[in-house]
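First comes the structure, then the notes that go with it.
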Amino acid sequence: MNNQVKIVIIDDHALFREGIKRILDFEPNFEVVAEAYDGSEALTVVESYMPDVVIMDINMPGVNGVEATKQLVNSYPDTKVIILSIHDDENYVIHALKTGARGYLLKEMDADTLVEAVKIVAEGGSYLHPKVTHNLVNEFRRLSSANNGQIPATVRRPLHILTRRECEVLQMLADGKSNRRIGETLFISEKTVKNHVSNILQKLNCNDRTQAVVLAIKNGWVEVK
């Protein structure tokens, strides 16, 4: 990523905002251009600074993060919003994504996950916290089973589409692992993991990691633990 990524942080807790800002300031291509304390300020701040990424708390007094995201995306369709939340329930996630958010992070995230999410979303992708991805996958499996969905009992590797290494990475995406964790497990760099993920999305004709995992489950390409 060569261009500077302009970021706005909207959260009603000043100390939490400061913590996020410090993490992002360590990245040479990131610039936190503004902060706000509630959703009612979102439109004004975005209009003034035109950021690439908005990091938005979901629970704020007055206008909450979901409503603010909806307003932002309606007014500025190119705005990329990452929701911050303490809730890992899939209903919260789905509701946030329906309003136009491009990412969903839990506040228990580590610094690497935050940086990874901002990079992916800034580049036009989507990012869900690994724990959230795992919960969504489990819910998808439960609903499919309840509706007599065809989820194969045995795992078939899609070697006709993906390489063996890409199959390993796809399984770890289904397990809810971040790029960093995948790299540590496979003893490869995060850049290499990112390249594998990009190849997987391209080969499977998917827009993001979650879509790829759901497709893999439907086809019996991964184990759901």
Exercise for the section: May I ask which residue of SER198, ALA216, TYR92 lies farthest towards the positive end of the charge dipole of the chain, with charges of +1 (Lys, Arg) and -1 (Asp, Glu) on Cβ and the Cα centre as origin? Expected result: ALA216
Handout entry: Karplus-derived 3J(HN,Hα), 6.51/-1.76/1.60, for each residue of region 18-34, Hz, glycine and proline x
Key = 5, x, 5, 4, 5, 4, 5, 5, 6, 8, x, 9, 9, 9, 7, 8, 6
Fill in the blank from the handout: Rounded to a whole number, the Stokes-Einstein D of region 150-217 in µm²/s (Kirkwood radius over Cα pairs; 10 °C; 1.306 mPa s) is 131
Handout entry: Kirkwood Rh and Cα Rg combined as Rg/Rh, region 26-87
Key = 0.95
Practice task
Return a whole-number percent for the relative contact order of the chain, with Cα pairs under 8 Å and 6 or more residues apart as the contact set.
Solution key: 15
Completion exercise
Checking ILE20, ILE86, ILE188 against a Gaussian network model of the chain (alpha-carbon springs below 10 Å), the top fluctuating residue turns out to be ILE188
Handout entry: Links that overshoot a 24 Å alpha carbon limit, given the list LYS80/LYS218; LYS21/LYS107; LYS80/LYS131; LYS21/LYS203; LYS98/LYS191; LYS80/LYS107
Key = LYS80/LYS218; LYS21/LYS203; LYS98/LYS191
Practice task
Tally up the carbon and sulfur contribution to the accessible surface of region 150-217 as a whole percent, 1.4 Å probe, everything protein left in place.
Solution key: 48
Fill in the blank from the handout: Sequence order, region 125-136: Karplus ³J(HN,Hα) from phi using 6.51 cos²θ - 1.76 cosθ + 1.60, θ = phi - 60°, Hz rounded, Gly and Pro as x, gives x, 10, 9, 10, 3, x, 5, 5, 4, 4, 5, 5
Completion exercise
Rounded to the nearest Å, the spacing of the alpha-carbon centers of region 188-219 and region 18-81 is 28
Exercise for the section: Over every pair of different alpha-carbon atoms in the chain, take the mean of 1/r and invert it; report that Kirkwood radius in Å. Expected result: 18.1
Exercise for the section: State to the nearest 20 debye the size of the charge dipole of the chain about its Cα centre, where the only charges are +1 on K and R beta carbons and -1 on D and E beta carbons. Expected result: 1240
Practice task
Please give, to one decimal in nm, the separation of the simple spin-label points placed at SER198 and GLU18, each 7 Å out from Cα toward the Cβ.
Solution key: 3.8
Problem - Per-residue HN-Hα couplings for region 81-96 [Karplus 6.51, -1.76, 1.60; θ = phi - 60°; Hz; x = Gly/Pro] - result: 10, 10, 7, 10, 8, 8, 9, 9, 5, 5, 5, 4, 4, 4, 4, 5
Completion exercise
Taking only the Cα positions of region 3-132, the convex hull volume per residue in Å³ is 89
Problem - Estimated [θ] at 222 nm from DSSP helical runs (n ≥ 4, -39500 (n - 2.57)) normalised by residues in the chain, nearest 500 - result: -15500 deg cm²/dmol
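The values are calculated or read from the model by the stated rules, or taken from the named source; none is laboratory data. Because the structure is a prediction, the values reported are computed rather than measured. Every residue, glycine among them, receives a Cβ derived from its backbone with ideal geometry; neighbour counts consider all protein chains shown. In case anyone asks, the SASA skips ligands and DNA or RNA and just uses the protein heavy atoms, side chains included. Shrake-Rupley method; radii C 1.70, N 1.55, O 1.52, S 1.80 Å.
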